[in-house]
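This is the structure I have questions about; it appears just below.
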Amino acid sequence: MGFVGYKENENGEMSLSGIHLGSKNKYRRMDSELTDDGGFDEASLQKQQQEERRRTTRKYVFACAVFASLNSVLLGYDVGVMSGAILFIHEDLKITEVQEEVLVGCLSVVSLFGSLAGGKTADAIGRKWTMGLAAIIFQTGAAIMTLAPSFEILMVGRLLAGVGIGFGVTIAPVYIAEISPTISRGSLTAFPEIFINIGILLGYVSNYAFSGLPSHTSWRIMLAVGILPSVFIGFALCIIPESPRWLVMQNRVEEAKTVLWKTNENDAEVEERLAEILSAAGTTNGEKYEDKAVWRELLSPSPALRRMLVTGIGIQCFQQVTGIDATVYYSPTILKEAGLVGNSKLLGATVAVGISKTVFILVAIVLIDKVGRKPLLYVSTIGMTVCLFTLGITLSWLKGGPFGIDLAVLSVCGNVAFFSVGIGPICWVLTSEIFPLRLRAQAAALGAVGNRVCSGLVAMSFLSVAHAITMGRTFFVFSAVSAVSVAFVYACVPETKGKSLEQMDLLFQSEQVWEGGRAEQEPGDVEQLVQK
């Protein structure tokens with residue numbers, strides 16, 4: 001068998017890209033050496049092959065993470081486009097303010113059904129095809145919304161889109177976490193959040209681009225553009241492999257090994273990872289997984305699993321109860337309250353919000369596997385607390401003047417920026433990596449349900465609460481909740497950087513270690529866990 005990148009010439013001698021590498025050849029590669037008799041130095045050749053495999057593996061895993069994240073564009077686009085489209089829907093269909101709240105917020109509430117079904121579906125048909133099902137359901141809903149002649153039909157499409165989103169947001173991070181190498185799992189698992197932000201930005205740009213059209217036409221085109229990503233999602237499903245951990249649970253070990261070979265950089269790592277997965281799939285502290293139903297374990301958890309659930313569901317809820325969806329969905333309304341007037345100016349300012357949210361998620365991707373999850377969560381939650389408090393002050397006492405408008409725009413942009421650099425992507429990273437293999441999809445689904453319920457409650461009640469206690473005081477409430485999230489991060493979130501998925505159980509075994517997140521395990525600790 002020949003080497004990658006090399007071939008034999010007519011005389012049976014090795015050549016590279018048409019350059020003869022026999023004893024008389026004057027060309028020499030910088031990363032390999034020739035021996036005195038013109039042969040290859042075995043060590044240099046192996047090093048070159050390993051480097052080539054490393055590059056190929058990283059590109060392949062990166063591509064899988066990108067393709068798996070495409071569903072998230074749909075969620076982000078819906079969030080971004082609805083913030084502007086609702087202005088024209090209100091004008092065209094003559095809906096009331098309560099109907100407006102229901103239309104915006106119902107997607108998050110309905111998505112919890114998709115999240116609940118998503119975990120079970122992913123265990124039944126696989127992570128990959130569950131993502132495909134999510135795209136089909138969402139696109140059907142988006143098409144119905146685009147053609148809706150009335151508020152009632154619009155709601156039908158909205159409900160279908162919500163179910164599709166529930167499927168997508170639950171499974172994509174789980175899939176990426178299960179297919180990624182440990183060293184880059186954090187940044188890759190945060191990719192769905194990047195694509196959510198890209199979708200939000202595209203939604204804002206769409207709002208701005210089509211805002212000049214008649215109200216009957218503009219919002220329909222805005223919603224129709226969201227159908228386009230389905231083409232790329234269909235292509236992605238033909239490219240990406242199934243999760244190796246799901247394949248092991250289906251006793252398709254050889255297929256799992258093939259996927260691991262494509263996603264790990266050397267054979268020794270493949271064998272080590274496969275052994276860990278087989279151990280995790282077969283036993284936990286000596287007890288066979290199949291002896292207990294998944295939901296029975298989740299409803300009657302062990303102390304370690306209880307701590308995992310508190311961390312996973314808690315961080316998902318805090319991501320939403322700090323008011324990020326209110327800030328994103330109603331950013332034109334918030335800025336209008338601050339004194340900014342004119343639809344073009346309002347929608348133009350929301351583009352700045354979208355850019356801030358997108359740029360800082362890239363900062364999180366770069367830092368998450370270097371500085372860790374917990375430091376970024378501290379920066380994020382503290383920064384959001386300050387920005388929300390400042391926005392409360394602005395809307396209460398400084399609105400109307402140029403300084404107040406500028407400060408309001410800066411506070412909104414700062415809030416979404418701090419959200420994106422920490423709790424936005426990291427909540428999905430944590431819930432996709434902390435749970436045991438057999439429970440992972442359905443436990444992560446519970447976290448997503450908490451996220452969607454809180455998102456829906458905030459989105460559906462924001463305008464009513466703002467009218468009842470003023471918008472400024474509403475943001476003071478969000479600021480107080482954000483301050484509580486800082487304490488939650490300190491008490492309940494351990495550092496998971498550098499730990500394999502099969503090592504996570506150790507982080508939650510000791511209550512003293514769990515509190516304050518001071519867990520520090522060595523790579524070999526997983527062997528001790530399996531032996532217990």
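Quick one: give the max-minus-min coordinate of the C-alpha atoms of the chain along each principal axis, largest first, in Å.
Each principal axis gives a Cα extent; for the chain these are 84, 55, 43 Å.
Right, here's the next one. Could you tell me the relative contact order of the stretch 53-240? Use alpha-carbon pairs under 8 Å, at least six residues apart, and round to a whole percent.
40 percent
Could you point to the residue in LEU335, LEU346, PHE478 farthest towards the positive end of the stretch 300-509's charge dipole, with +1 and -1 charges on the Cβ of Lys/Arg and Asp/Glu respectively?
Checked the options; the winner is PHE478.
Take the solvent-accessible surface of the protein heavy atoms, probe 1.4 Å, and return the percent of it on the stretch 300-509 that carbon and sulfur atoms account for.
Carbon and sulfur together cover 73 percent of it.
Another question, then. Within the stretch 122-151, whose backbone N sits under 16 Å from a point 7 Å along Cα→Cβ of LEU237?
Under cut-off, by backbone N: 122-142.
Enter the Cα centre distance for the pair the stretch 335-356 and the stretch 459-490, rounded to the nearest angstrom.
About 21 Å separates the Cα centre of the stretch 335-356 from the one of the stretch 459-490.
So what is the relative contact order for the chain, in percent, with contacts set as C-alpha pairs under 8 Å and at least six apart?
This gives 20 percent for the chain.
Can you give the calculated 222 nm mean residue ellipticity of the chain, where each DSSP H run of n ≥ 4 adds -39,500 (n - 2.57) and the sum is split over every residue, rounded to the nearest 500 deg cm²/dmol?
The helix-only estimate for the chain comes to -24500 deg cm²/dmol at 222 nm.
Another one. Once ligands and nucleic acids are excluded and a 1.4 Å probe is used, how much of LEU362 is accessible, expressed in Å² to the nearest 10?
Counting only protein heavy atoms, the figure is 90 Å².
Suppose every K and R has +1 on its Cβ and every D and E has -1 on its Cβ; what is the size of the dipole of the stretch 304-457 about the Cα centre, in Debye to the nearest 20?
420 debye
Follow-up. Convex hull over the alpha-carbon atoms of the stretch 118-178: what's its volume per residue in Å³?
61 Å³
Does anyone have the angle between helix 267-282 and the longest principal axis of the chain? Alpha-carbon axes, 0 to 90°, nearest 10?
Approximately 60 degrees, to the nearest ten.
Here's another thing I want to ask about it. Above 29 angstrom, tally the Cα pairs of the stretch 74-232 and express them as a % of all pairs, no decimals.
It works out to 19 percent of all Cα pairs.
Round to the nearest 10 and give me the degree value, 0 to 90, for the angle of helix 402-421's Cα axis relative to the longest principal axis of the chain.
Helix 402-421 sits roughly 30 degrees off the main axis of the chain.
Also: Let me have the relative contact order for the stretch 300-509, percent, based on Cα pairs under 8 Å that are six or more residues apart.
In percent, rounded to a whole number, it is 38.
Counting only heavy atoms of protein chains, what accessible area per residue, in Å², does the chain have with a probe of 1.4 Å?
The answer is 41 Å² per residue.
Turning to a different aspect of this structure: Where q = 0.10, 0.15, 0.17, 0.19 Å⁻¹, what log10 of I(q)/I(0) comes from the Debye formula for the stretch 300-509, counting one point per Cα?
Taken in order of the listed q values, log10 I(q)/I(0) reads -0.44, -0.90, -1.10, -1.29.
While we're looking at this one, here's another question. For the chain, what is the charge dipole size about the Cα centre, in debye to the nearest 20, if Lys and Arg each add +1 at the Cβ and Asp and Glu each add -1 at the Cβ?
Using only the charged Cβ atoms, the result is roughly 1120 debye.
Now for a different question. In what sequence, largest accessible area first, do ARG373, ARG473, ARG307, ARG252 appear using a 1.4 Å probe?
ARG473, ARG252, ARG307, ARG373
So if I take the centroid of the Cα atoms in the stretch 400-444 and the same for the stretch 263-278, what is the distance between those two points in Å?
33 Å
List the pairs from LYS94/LYS399; LYS128/LYS257; LYS120/LYS499; LYS59/LYS120; LYS94/LYS357 whose alpha-carbon separation is above 23 Å, in the order I gave them.
Flagged as over cut-off: LYS94/LYS399; LYS120/LYS499; LYS59/LYS120; LYS94/LYS357.
The values are calculated or read from the model by the stated rules, or taken from the named source; none is laboratory data. Please read these numbers as outputs of a predicted model, since none were measured by experiment. Ideal geometry is used to build each Cβ from the backbone, glycine not excepted, and the neighbour counts take in all protein chains shown. Keep in mind that these areas ignore ligands, DNA and RNA; they rest on the heavy atoms of the full protein, side chains included. Shrake-Rupley method; radii C 1.70, N 1.55, O 1.52, S 1.80 Å.
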